[in-house]
1. Can you give the extra length, in nm with one decimal, that the chain gains between residue 277 and residue 163 once fully stretched, where that is 0.36 nm per residue apart less the Cα-Cα distance?
2. Can you list residues from other chains, or at least 5 along the same chain, whose modelled amide H is less than 5 Å from the amide H of residue 66?
3. Which value in nm describes the separation of the simple spin-label points at residue 143 and residue 205, placed 7 Å from the Cα toward the beta carbon?
4. Which Cys in the chain stand alone, with every other cysteine's Cβ at 4.7 Å or more from theirs?
5. If you place +1 on the Cβ of every Lys and Arg, -1 on the Cβ of every Asp and Glu, and leave all else neutral, what size is the dipole of the chain about its Cα centre, to the nearest 20 Debye?
6. Expressed as a whole percentage, what fraction of the accessible surface of the chain belongs to carbon and sulfur atoms when a 1.4 Å probe is rolled over the protein heavy atoms?
7. Quick check: net charge around residue 137, other residues with Cβ under 11 Å of its Cβ, Lys/Arg +1 and Asp/Glu -1?
8. Rounded to the nearest 10 Å², what accessible area does residue 67 have for a 1.4 Å probe in the complete protein model?
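The values are calculated or read from the model by the stated rules, or taken from the named source; none is laboratory data. Worth saying up front: this structure is predicted, and the values here are computed from it rather than measured. Positions of Cβ are backbone-derived with ideal geometry, glycine not excepted, and every protein chain shown enters the neighbour counts. Keep in mind that these areas ignore ligands, DNA and RNA; they rest on the heavy atoms of the full protein, side chains included. Shrake-Rupley method; radii C 1.70, N 1.55, O 1.52, S 1.80 Å.
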Amino acid sequence: MAATETTGKTTGKTTGKTTGKTLGTTPRATAAPVRWLRRNAVTLAGLATLAYLILPNVVVMVFSFNKPHGRFNYQWQQFSTDAWTDPCGVADLCGSLGLSLQIAVWATVGATVLGTMIAFALARYRFRARAGVNTLIFLPMAMPEVVMAASLATLFLNMGIQFGFWTILIAHIMFCLSFVVTAVKARVMSMDPRLEQAAQDLYASPVQTFLRVTLPIAAPGIASGALLSFALSFDDFIITNFNAGSTVTFPMFVWGSAQRGTPVQINVIGTAMFLVAVLCVLVGQMAGTRRKRSTK
């Protein structure tokens, strides 16, 4: 009897411990993946968003090495580098590309200069029409592009201005101006005024203070506004289509080619522009990292 009771107690304890361990480890094992997902949810969402944004560029890059048998470059047929060796093989493609680059550069210069001055005026000075100017500056960002394009086209027609290079340039400067003002104004408003006051205490003139203190601090905002202006101007189609007349820019050439047949050279140009943009971003990141290390 004693042996039986001892065996029963031992078996009961062993069974209870084993059952407790099993029941205790099962929720922990299932909770571990949940905790990992919660801990890395933001990272996974960011990677998924990045993949969603990059996927069209990857498709364009892949089809830049395609050799279609017909006019349309929509299905993979054969690997070829003919389009890369002859990117200007399609008539008027490089001409429209050069025109778009020229307009984008001049629109960036004009919008950056005017936008920077407006941003400093709105951030540093108080005047009666300040609220109205703020509203007018943000209107191009709030209203649809087609409304602004039609309004500018009506203005040019009423003034008797012939559509062409200059009408496109004026329209692009007006469209990009608000983006530059927003970027530069945010940077100027975050500046510490004590730095400029310290420069003035050290007998720096207003010009020296602006060139050596204010402008270097505001430079990242100005650069971001300029890059955004260039991208918006080069990529714009709606405003350009309303105010171009017989002038053909690169987006208009792509739109026209899509109706007749898409040459592979368009994918080559798009891939090259994408790689240049990525290179500029990487160079900017490396420069910012080195600057932070040098300040430390």
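1. 38.0 nm
2. 80
3. 4.3
4. 176, 280
5. Dipole magnitude for the chain comes out near 1840 debye.
6. Values: 12990 of 19200 Å².
Within the chain, the accessible surface is 68 percent carbon and sulfur.
7. Here the charged neighbours net out to +2.
8. 90
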